[in-house]
Amino acid sequence: MITLNVNGESHQLDVSPEMPLLWAIRDKLNLTGTKFGCGHAMCGACVVHLDGEAARSCSIMVGEAVGKRITTIEGISGPVAEAVTHAWQSLDVVQCGYCQSGQIMSAIVLLNENKNPTDEDINLGMEGNICRCGTYLRIRRAIHQAAKALA
Amino acid sequence: MANRNLYRTNQGLRARPGVLIVLLILLGTRSAVWGQTQSAGAGDSLAAWGKIVTVLQHPRCLNCHQLNSPLQGDSRRMHIPHVVRGADSHGVGPMRCGNCHNDSNNLTSRTPGAPEWSLAPVSMLWQGLSSGDLCRMLKDPARNGKRSPEALVEHMSSPLVLWGWNPGPGLEPVPIPHAEFINLMKVWAAGGTACPK
């Protein structure tokens, strides 16, 4: 039995420690806000937080998440999360929405580390989050807007 | 019951001549190797380096002994997605090495993994170095993490280095077996860490 702390709640799961964390989150815990995009840590749709750091849950194994605070898109909170989601809403960033959980999770980590990111910082930080609808310009604008709100 | 166990123990090697022979062969081999490393001269050392450098320049090693961004795969292409060193050599923001790479290979996502997955320190930049320059860098304590030749040999068995021999699906392991590589390192060290020009 493996114990995972997800969004502040403890869960006992009968899964292999090598199971991708994404599968445990979606299939065992029914938290489907985190998406499967590629399964190879290349697209960013699966980004969650482990102790506040980004983690690509399709690649990070359940065993590596034991003992850490796992936060999914359903459980984000705090001033940075609020600034990001508010900016996302006010700038109408989302089109189909499939990539956006991952985009938001990555943007929160970016702004936690860097309160005033330049365009280059945003390029490097958001490099691994792919959007097939091409909302990149709005994502960039939203990150800048969130940074201003947090200043 | 106790008597029977003592009886078995007392039989020991005398009752198992096959085991004794194998042990003697192994001991003999080991002392031959040790003898070779003890008596290695500069010529042996240089010859050993000729093989050692092929390991260091293999993609499993060279891909992360880069300046700002790792290479990826046997084709040594740019790492996709694009990642950079960052202040602590472990990446930046939501693109840190540990965000995707575990402490062991992930066979489902095919992401390789080992403890402390990261770029090598900048002082250990190997890309573009000739065999001679790489040799001189490797033995320079100012650039090799203050390691003596003995400590260098030990380092070649640390978990991240060992990963090179067990990289997971789709990646060629270092072609020289690890035990042979360690022996080459010992011969190189014992013969005075000789370097080509």
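The values are calculated or read from the model by the stated rules, or taken from the named source; none is laboratory data. Predicted, not measured: the structure shown is a model, and the values here were computed from it. Counting neighbours? That spans all protein chains shown, and the Cβs are built from the backbone with ideal geometry, glycine included.
Some notes on this structure:
- For region B:109-139, a residue qualifies if it is buried (at least 16 other Cβ atoms within 10 Å of the Cβ) and in a loop (DSSP other than H, G, I, E, B), and the qualifying residues are B:Ser109, B:Pro112, B:Gly113, B:Ala114, B:Trp117, B:Ser118, B:Leu119, B:Ala120, B:Leu125, B:Trp126, B:Leu129, B:Lys139.
- Residue match in region A:13-20 (condition: modelled with pLDDT under 95, facing chain B (nearest Cβ under 9 Å), surrounded by fewer than 16 Cβ atoms within 10 Å (Cβ to Cβ) and more than 23 Å from A:Cys133 (Cβ to Cβ)): yes
- Residue within region A:131-142 that is in contact (Cβ under 8 Å) with a residue 40 or more places away in the chain and surrounded by fewer than 18 Cβ atoms within 10 Å (Cβ to Cβ) present: yes
- Residues (buried (at least 24 other Cβ atoms within 10 Å of the Cβ) and at the interface with chain B (Cβ under 10 Å from one of its Cβ atoms)) located in region A:33-47: A:Ala41, A:Gly44, A:Cys46, A:Val47
- Single unsatisfied condition, B:Arg60 versus (1) surrounded by 16 or more Cβ atoms within 10 Å (Cβ to Cβ); (2) closer than 22 Å to A:Pro117 by Cβ: (2)
- Subset of region A:3-18 [over 22 Å from B:Asn99 (Cα atoms) and part of a loop (DSSP other than H, G, I, E, B)]: A:Asp14
- Given (1) more than 26 Å from A:Ser59 (Cα to Cα); (2) under 16 Å from the mean Cα position of the chain (by Cα); (3) within 13 Å of another protein chain (Cβ to nearest Cβ), index of the condition A:Ala142 fails: (3)
- Members of region B:69-111 found to be among the basic types (Lys, Arg), more than 8 Å from chain A (Cβ to nearest Cβ) and closer than 19 Å to B:Leu160 by Cα, listed by number: B:Arg76, B:Arg85
- Near pairs, Cβ below 6 angstrom, 6+ apart or cross-chain, from region B:58-87 (farther than 18 Å from B:Arg110 by Cα and modelled with pLDDT of 95 or more) to any residue that is crowded, with 17+ Cβ neighbours inside 10 Å and of a type in the set (D, E, K, R): B:Asn68/B:Arg85
- Wholly enclosed helices (runs of 4 or more DSSP H) of region A:65-151 bearing at least 3 residues small (Gly, Ala, Ser) and within 18 Å of A:Gly52 (Cα to Cα): A:100-113
- Some residue of region A:94-111 being more than 27 Å from A:Leu29 (Cβ to Cβ) and at pLDDT 95 or above: yes
- Where A:Thr85 falls short, out of the listed (1) out of contact with any Leu (no Cβ under 7 Å at 6 or more places or on another chain); (2) over 18 Å from B:Val83 (Cα atoms); (3) touching a residue at least 40 places away in the same chain (Cβ under 8 Å): (3)
- No other residue among B:Arg136, B:Arg96 is of a type in the set (Lys, Arg) and under 30 Å from A:Ser16 (Cα atoms) apart from B:Arg96.
- A:Gly67 small (Gly, Ala, Ser) and surrounded by fewer than 21 Cβ atoms within 10 Å (Cβ to Cβ): yes
- Just one of (1) closer than 14 Å to B:Gly98 by Cα; (2) among the β-branched types (Val, Ile, Thr); (3) more than 11 Å from chain B (Cβ to nearest Cβ) fails for A:Ile70. It is (1).
- Scope region A:19-36; condition closer than 17 Å to B:Asn106 by Cα and either in a loop (DSSP other than H, G, I, E, B) or of a type in the set (A, V, I, L, M) (or both); matching residues: A:Met19, A:Leu21, A:Leu22, A:Ala24, A:Phe36
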